[in-house]
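Worksheet: the structure to be examined is printed underneath.
The values are calculated or read from the model by the stated rules, or taken from the named source; none is laboratory data. All values derive from a computational prediction rather than experimental measurement. Cβ sites come from the backbone with ideal geometry, for glycine too, and all protein chains shown count toward neighbours.
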Amino acid sequence: MSHRSIARAGVLALTCVALARPAHAGLADAPPLLGGTTKAKHVFSIPGVTANADLGTVVMCTSLEKSKPIAIAVEVFAEDGTVTANDVTLGEGVVASVAPSQTVTFEIAIDDMLPEIIATTKDAAILAPGDVTHGSARVLSTSTKLMCTAGVLDRASVAPTGMLSLQVIAKTKQKGN
């Protein structure tokens with residue numbers, strides 16, 4: 001092989017490395033480490049996540065553990081499946097520490113959405129993904145002993161006047177309705 005061929009191969013290899021992008025986790029992929037260090041389980045999936053100027057999504061989860069706190073995070077995915085908010089793989093996302101019987105509220109909105117709910121919950125996390133249409137979310141936790149509910153809320157009024165419940169699905173397995 002000539003020196004010129006070796007040089008071209010080297011330049012090509014460097015170009016490929018420079019242009020490579022990190023892979024983004026999808027909804028059905030293995031759950032990431034919470035905070036980059038703590039093993040998590042994919043407990044629930046939520047289709048229909050919406051966040052825009054008029055609507056926002058709220059996910060509320062309650063720990064059913066009897067004696068130990070658990071970690072809970074909600075990752076938000078855009079319509080194309082890429083993580084759009086709270087990417088916990090980098091250790092930068094919001095991970096809530098939830099005591100037994102405590103409830104945490106995750107707001108998925110482009111800005112603060114429900115001050116009344118934030119004020120009445122012990123621990124609330126605000127996610128700011130920008131506009132999300134036809135999105136989804138997954139609930140990650142260090143325990144499967146939790147229950148969650150989700151809804152899309154009208155953001156136009158201080159006290160929301162409308163809400164659409166979203167189905168919360170165990171992992172990626174939906175049972176017939």
Suppose we filter ALA78, ALA73, ALA85 for residues that are buried (at least 22 other Cβ atoms within 10 Å of the Cβ), among the hydrophobic types (A, V, I, L, M, F, W, C), modelled with pLDDT of 85 or more and within 19 Å of SER136 (Cα to Cα); which single one remains?
ALA73
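Every residue, every condition in (1) out of contact with any Lys or Arg (no Cβ under 7 Å at 6 or more places or on another chain); (2) more than 19 Å from SER63 (Cα to Cα); (3) modelled with pLDDT of 85 or more; (4) crowded, with 20+ Cβ neighbours inside 10 Å, yes or no:
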position: THR121; (1), (2), (3), (4): yes, no, no, no
position: ALA125; (1), (2), (3), (4): yes, no, no, yes
position: ARG138; (1), (2), (3), (4): yes, no, yes, yes
position: SER141; (1), (2), (3), (4): no, no, yes, yes
position: THR144; (1), (2), (3), (4): no, no, yes, no
position: GLY176; (1), (2), (3), (4): yes, yes, no, no
Of the residues in the range 78-107, how many are in contact with a Pro (Cβ under 6 Å, 6 or more places away or on another chain) and outside any strand (DSSP E or B)?
3
Within the range 50-77, how many residues are of a type in the set (D, E, K, R) and in a strand (DSSP E or B)?
1
Quick check on my filter: what residues within the range 1-55 are modelled with pLDDT of 55 or more, β-branched (Val, Ile, Thr) and farther than 18 Å from ILE108 by Cβ?
THR37, THR38
Odd one out for SER97, checked against (1) modelled with pLDDT under 90; (2) surrounded by 17 or more Cβ atoms within 10 Å (Cβ to Cβ); (3) over 24 Å from LEU164 (Cα atoms)
(2)
